[in-house]
Amino acid sequence: MSIELVTAIACGYLLGSIPFGLITSRLSGRVDLREYGSGRTGFTNSLRVLGLRRALPVLLGDFGKGLAAALLPLLYADDAWARGAGGLAAVIGHVWPLFAAFRGGRGVLTGAGVLTALSPLAVLLVVPLALLALYLTRYASVASLSGAVLAGVVFTIFAALDVHSWAYALVAVTGGALIVALHHDNITRLRAGTERKLGQGGERRPSPAGRTGEAR
């Protein structure tokens, strides 16, 4: 493994590990975002628990760290595989963050940032369809799952047409599969008809200390 690839993976993972959701929730006077709603630190749970204004920094931060992880290798190597590896490492860092006891989000926005850096044109085809799924269903999970699957398909087609590197297709397929797997609980609730739609608040999760009550 080359030094460029190792550097990209290390930097990508550390960038991905920055827990913007957790930082924002603590600055907003909440002890730990992971004690509320879905227990995740991503934008959707932040939106439910913190509201739109306070969740916007989470959106920008999670997307931005994925974008940065896939662009950073350009500073020292013109290597598609290094960019792809750095981006995928950022998604893994977001899901299992070093700086937040390995309890993070599902990697959707960070993955979107990565794919935007790798192939903006492909993302332009995926995003409107994912947003359409959100508009029609009001389920953030449906939009995330649709985007993950479509990204894998579109990026693979683009690679086959020689529009971009196969490294980018591998990142889209692998990252998409990880995101789908991390939504297993959402898929179960969707089948049962109990999944929460956007606009429905996040309830307080039981904590190890037995604290109860509504989100402060």
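The values are calculated or read from the model by the stated rules, or taken from the named source; none is laboratory data. All values derive from a computational prediction rather than experimental measurement. Cβ sites come from the backbone with ideal geometry, for glycine too, and all protein chains shown count toward neighbours.
Taking residues in the stretch 121-147 that are modelled with pLDDT of 95 or more, and partners anywhere that are aromatic (Phe, Trp, Tyr), the pairs with Cβ atoms closer than 6 Å and at least 6 places apart or on different chains are ALA122/PHE155; ALA122/PHE158.
If you go through the stretch 22-39 and keep only what is part of a helix (DSSP H, G or I) and either polar (S, T, N, Q) or in contact with a Cys (Cβ under 7 Å, 6 or more places away or on another chain) (or both), you end up with THR24, SER25.
Give the residue that is nearest to GLY84 (Cα to Cα), with candidates limited to residues of the stretch 158-180 that are hydrophobic (A, V, I, L, M, F, W, C) and assigned to a loop (DSSP other than H, G, I, E, B). Full working, then the answer.
So the first thing to find is which residues in the stretch 158-180 are hydrophobic (A, V, I, L, M, F, W, C), and the list is 158-161, 163, 166-167, 169-173, 177-180.
From what is left, the residues that are assigned to a loop (DSSP other than H, G, I, E, B) are 161, 163.
Details: LEU161: 18, VAL163: 15 Å.
Only one residue fits best here, namely VAL163.
One residue stands out among those in the stretch 34-43 that are at pLDDT below 90 and not charged (D, E, K, R): the one that is surrounded by the fewest Cβ atoms within 10 Å (Cβ to Cβ), which is GLY39. Residue-level check: of (1) closer than 28 Å to SER25 by Cα; (2) free of Cβ contacts under 8 Å to residues at least 60 places away in the same chain, GLY93 misses just (2). May I ask you to list the residues in the stretch 135-149 that are surrounded by 19 or more Cβ atoms within 10 Å (Cβ to Cβ) and over 15 Å from the mean Cα position of the chain (by Cα)? If the condition is that a residue be surrounded by 19 or more Cβ atoms within 10 Å (Cβ to Cβ) and over 15 Å from the mean Cα position of the chain (by Cα), then TYR139 is the only one that fits. Just to be sure I understand, how many residues within the stretch 48-63 are in contact (Cβ under 8 Å) with a residue 12 or more places away in the chain, over 11 Å from the mean Cα position of the chain (by Cα) and over 14 Å from ILE23 (Cα atoms)? The total comes to 1.
Return the only residue of ILE3, ILE9 being more than 13 Å from the chain's Cα centre (by Cα) and surrounded by fewer than 19 Cβ atoms within 10 Å (Cβ to Cβ). Walk me through how you get there before you give the answer.
Numbers: ILE9 fails: surrounded by fewer than 19 Cβ atoms within 10 Å (Cβ to Cβ).
So the residue among ILE3, ILE9 that is more than 13 Å from the chain's Cα centre (by Cα) and surrounded by fewer than 19 Cβ atoms within 10 Å (Cβ to Cβ) is ILE3.
Per the listing LEU60, LEU74, LEU47, LEU109, the residue uniquely farther than 21 Å from ALA10 by Cβ, of a type in the set (A, V, I, L, M) and surrounded by fewer than 17 Cβ atoms within 10 Å (Cβ to Cβ) is LEU60.
Within the stretch 14-21, is there a residue that is closer than 30 Å to PHE158 by Cα, at pLDDT 95 or above, assigned to a helix (DSSP H, G or I) and more than 13 Å from the chain's Cα centre (by Cα)? Quick ask: steps written out before the conclusion?
If we filter the stretch 14-21 for residues that are closer than 30 Å to PHE158 by Cα, which is where we start, we get 14-17.
If we keep only those that are at pLDDT 95 or above too, we end up with 14-17.
When the remaining residues are screened for being assigned to a helix (DSSP H, G or I), the result is 14-16.
Subset that is more than 13 Å from the chain's Cα centre (by Cα): 14.
Within the stretch 14-21, one or more residues are closer than 30 Å to PHE158 by Cα, at pLDDT 95 or above, assigned to a helix (DSSP H, G or I) and more than 13 Å from the chain's Cα centre (by Cα).
Looking across the stretch 183-194, the residues that are assigned to a helix (DSSP H, G or I) and under 15 Å from SER146 (Cβ atoms) come down to ASN186, ILE187, LEU190. Annotation: GLY66 fulfils all but one of (1) within 18 Å of ILE179 (Cβ to Cβ); (2) free of Cβ contacts under 8 Å to residues at least 24 places away in the same chain; the unmet one is (2). Within the stretch 19-41, take every residue that is in contact with a helix residue (DSSP H, G or I) (Cβ under 6 Å, 6 or more places away or on another chain) and touching a residue at least 60 places away in the same chain (Cβ under 8 Å) and give me the one that is nearest to ALA89 (Cα to Cα). Across the stretch 19-41, the extreme among qualifying residues is PRO19.
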